[in-house]
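Shown next, in structure tokens, is the structure this report addresses.
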Amino acid sequence: MKKYFSKTLKWFRNLGARDLLLFVVIATLGVLVYQNQKIDDHFLLAADNRSSLVTETGQLKDVYSRFGEDINEMRQYLSMPRKNYGSFDDIFEEDLEPKNSTEIALFEYVSGAGIEAKLNHDNKMAYELLAGLKNSQDFAVFLKEKNLHLSGFFDDEMMTVVKVKDFADREILEYRLKKEDGSFLALSLFEERELERLEFEDFLREEIEYLDENKSVLIRELENYEKLSAMLSSALANEDLKKYMADNGLSVSEKDKVRF
């Protein structure tokens with residue numbers, strides 16, 4: 001591997017400034033596509049959920065319609081006149097909006113309080129699950145067997161974060177609770193998972209199973225990322241490339257790397 005890396009660096013030194021700049025652009029685009037693939041997966045999941053909701057609504061409409069028809073058949077059997085029970089959509093056509101400013105204010109207060117209460121409840125559950133991972137002896141033993149460990153427990157008014165690292169102190173997985181919207185995720189270079197708020201024993205079992213099955217994949221994706229980062233750093237350090245970029249008014253901003 002070291003021999004291969006040495007040859008790669010030698011190849012970089014033989015490239016012209018324009019070739020190096022082209023490589024940097026292509027490699028940067030590759031990193032962006034690689035890291036944002038999980039966003040596409042998230043939208044696909046949302047689309048599936050939307051499709052499921054439409055299907056369930058259609059089924060509910062059908063049940064309501066059949067129920068009204070069954071009642072009319074019973075009324076006919078009892079020699080009673082048929083009755084129009086309306087359609088499913090008619091239920092939502094009635095004006096249920098508040099009529100004055102007092103009602104509107106009360107409606108908004110109750111609605112907002114309900115949403116806030118649910119968010120606080122969800123955040124509390126997620127926080128307790130992450131705190132449970134931090135304090136779990138079973139989880140600690142499992143991680144040690146896999147040459148992994150938990151790195152700290154960060155918590156403030158914005159988020160709660162717990163990280164899983166290997167013994168080279170490289171981050172392979174991050175558990176994150178975002179308190180503003182209640183998002184509860186496990187983030188890695190491999191994928192983004194939305195976590196369920198389960199009973200702790202069930203949550204612990206699922207995370208142990210996930211890490212047991214995917215540890216090698218998580219580490220491989222991290223190593224691929226590090227190799228690409230090393231190539232980019234080497235290319236950007238080339239003096240000819242620096243001069244070419246300076247002559248053409250180009251620059252690279254120095255920012256902290258954010259993988260997840």
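Quick notes on this one:
- Taking θ as phi - 60° and the Karplus parameters 6.51, -1.76 and 1.60, the scalar couplings of the stretch 214-220 work out to 10, 3, 5, 5, 4, 5, 4 Hz in sequence order, x denoting glycine and proline.
- Pairwise centroid distance, computed over Cα atoms, of the stretch 120-155 with the stretch 188-224, Å: 12
- The convex hull drawn around the Cα atoms of the stretch 151-217, when projected onto a plane and averaged over every direction, covers 5.0 nm².
- Highest average packing first - 124-131, 165-172, Cβ atoms within 10 Å: 124-131, 165-172
A short reminder: the numbers here are calculations on the coordinates, not readings from a lab. Predicted model, so just to flag it, every value in this text is computed and none were measured. Ideal geometry is used to build each Cβ from the backbone, glycine not excepted, and the neighbour counts take in all protein chains shown.
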